[in-house]
Amino acid sequence: MTLALPTQRSFDGVDTCADVQVPAVTGAGLTVPLATGAQIQYANLDHAASAPCLRAVQDAVDELLPWYASVHRGAGFASQVSTKVYERARDVLREFVGARTRDTVVFTRNTTDSLNLLARSLPKTTAVVLFDTEHHAALLPWRGPWVRRIQTPPSPGDAVLALDTALAAAPTGPRLVVLTGASNVTGELWPIVELAEVARRHGARVVLDAAQLAPHRQIDIQAWNVDYVVLSGHKLYAPFGAGALIGRADWLQAAEPYLAGGGATKQVVNWGDRLGVSWSAVPERHEAGSPNVVGVHALAVACRTLAENWHDIEAHELALLHRLRKGLRDVPGLAELSIFDGPRVGVVSFTIDGHDAGLIAAALSAEYGIGVRDGAFCAHIATRRLLTKVGSTEQRALRASLGLGSTAEHVDRLVNALRTLVTEGPALAYRLEEGRWVPENDTRPLPSFLAG
């Protein structure tokens with residue numbers, strides 16, 4: 001089955017993409033200490049967890065800070081500026097995901113916050129269907145009377161058939177399908193359009209978890225025919241504590257406010273021993289408290305910057321992804337995790353036979369200045385099932401994830417370091433400390449701002 005997503009370019013035989021220019025990130029060229037006493041440029045290969053700040057975002061935040069003031073409530077000029085910045089960001093987010101004119105944009109803290117808000121807003125009889133490959137933000141919030149979790153499908157076609165079967169068995173009434181755009185374990189792209197078509201046929205709405213997709217590919221929820229999309233700023237090169245839930249307003253409007261407080265209220269009156277409250281309409285209905293105007297502005301600037309550079313971003317990533325996967329194939333005992341063995345964004349998870357993932361990750365950091373993730377990636381069911389699929393008895397894997405700050409040297413350093421660690425072992429001695437491997441004599445100094 002062909003995924004109905006932006007075209008996946010082929011880079012067979014191409015090891016780099018020197019002819020493209022991607023947006024700069026803050027911290028590119030950062031030097032970190034090694035436990036050996038040396039210094040090296042940091043190779044950040046953990047973008048899937050959190051991405052560094054775009055330089056354009058840093059500049060935009062610096063520009064806004066002198067003007068920062070209360071939003072929606074102040075008559076002062078700075079307050080008017082901050083309010084304008086905050087409200088204009090809704091239009092940027094709506095355009096970034098290809099939303100419909102009437103779709104609402106509710107600002108949240110992150111994807112987890114957005115999905116919990118939506119879960120709290122569902123009509124009480126809503127049937128929810130999702131795949132157990134979801135990461136915990138999408139797997140855990142649903143507490144309705146009928147929640148069906150579909151076991152990891154072996155192919156995109158099987159995913160479509162499984163969803164069709166699950167929805168056919170769902171009770172009548174409102175229905176919601178939870179879909180991942182790109183797996184945060186393997187980076188693989190899901191057949192969004194085909195799955196959304198099945199949902200439509202059964203009268204179900206669709207929420208697209210775009211946490212891992214949004215930093216890598218253009219989104220068009222209108223063309224893909226989904227109802228909601230959720231995303232996080234910290235994965236979109238805007239690590240200032242903002243995310244968004246974008247989509248149809250009716251369920252959100254009918255629900256009690258996610259949080260009770262100022263900003264969510266139109267009027268509060270004293271009715272003797274109780275209060276009478278008139279709640280605001282969406283989106284303010286679910287944005288109680290002083291909003292994170294700096295984070296929202298950062299998120300909007302990041303979305304605008306990415307939208308202006310999609311061609312080069314995708315070319316850069318896919319060239320490095322080809323280089324990475326090609327190199328990993330030559331590491332003895334390495335097995336790559338895969339759901340469908342299909343197209344993916346710049347995320348690769350793997351296990352190495354006979355080697356503890358945590359120890360490898362610690363050695364990569366201490367001896368080579370490389371940052372990767374080890375564990376089950378907040379997707380325990382999916383990760384452990386995929387480990388079993390490749391014959392591993394481990395509970396943890398390693399994940400390397402690419403982004404705008406990644407370079408060919410970072411990829412090559414990782415591949416060469418893995419080969420050395422597998423064939424020769426770590427150069428230093430390590431011990432377990434509170435469940436994590438650390439060098440026996442770790443003298444790496446913390447940055448000066450943490451001194452004392």
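Here, each number is a calculation from the coordinates, and none is a lab measurement. Only a predicted model underlies this, so the values are computations on that prediction, with no experimental measurement involved. Cβ atoms come from the backbone with ideal geometry, glycine included; neighbour counts cover every protein chain shown.
Details
- Straightening the chain between Ala38 and Arg325 buys 100.5 nm, computed as 0.36 nm per residue apart minus the Cα-Cα spacing.
- For segment 122-133, 3J(HN,Hα) per residue [Karplus equation, 6.51 cos²θ - 1.76 cosθ + 1.60, θ = phi - 60°, Hz, x = Gly/Pro]: 5, x, 4, 9, 5, 8, 10, 10, 8, 9, 7, 7
- Relative contact order (percent, whole number), segment 56-307, Cα cutoff 8 Å, 6+ residue spacing: 26 percent
- Inter-label distance, nm, simple model (7 Å from Cα along the C-beta direction), Asp312/Asp353: 4.3 nm
- DSSP-defined antiparallel bridges as percent of all bridges, segment 56-307, nearest 5: 50 percent
- Dipole magnitude for segment 56-307: computed about the Cα centre from +1 point charges on Lys and Arg Cβ and -1 point charges on Asp and Glu Cβ, it is near 620 debye.
- Between Ala223 and His136, residue separation times 0.36 nm minus the direct Cα-Cα distance comes to 28.6 nm.
- Relative to the longest principal axis of the Cα atoms of the chain, the long axis of helix 380-389 makes an angle of roughly 40 degrees.
- One Cα centroid belongs to segment 187-206, the other to segment 282-343; the line between them spans 21 Å.
- Close amide-amide hydrogen proximity is noted between Asp46 and Ser401, each under 5 Å apart and 5 or more residues distant or on a separate chain (H modeled in the peptide plane; Pro and chain starts excluded).
- Point-to-point label distance, Arg201-Trp67, nm (Cα→Cβ direction, 7 Å offset): 5.0 nm
- Cα→Cβ-extended label distance, 7 Å offset, between Gln151 and Glu440, nm: 4.6 nm
- Cα gyration tensor category, rounded, prolate or oblate, for segment 56-307 with a/c compared to 1.5: oblate
- Normalised contact order of segment 359-452, rounded percent, pairs of Cα under 8 Å and 6 or more residues apart: 29 percent
- With θ taken as phi - 60° and the Karplus curve 6.51 cos²θ - 1.76 cosθ + 1.60 applied, the whole-hertz 3J(HN,Hα) list for segment 268-285 is 10, 10, 8, 10, x, 8, 9, 9, x, 10, 10, 8, 6, 7, 5, x, 4, 3 Hz, x standing for glycine and proline.
- Each Cα pair under 8 Å and six or more residues apart adds its separation to the average, and for the chain the resulting relative contact order is 23 percent.
- Summing Lys and Arg as +1 and Asp and Glu as -1 over all other residues whose Cβ lies under 13 Å from the Cβ of Ala60 gives a net charge of 0.
- Using Cβ point charges alone (K and R +1, D and E -1), the dipole size of the chain about the Cα centre works out to roughly 1320 debye.
- Averaged over residues, the count of other Cβ atoms within 10 Å places the peptides 325-338, 264-277, 295-308, 227-240 in the sequence 227-240, 295-308, 325-338, 264-277, highest first.
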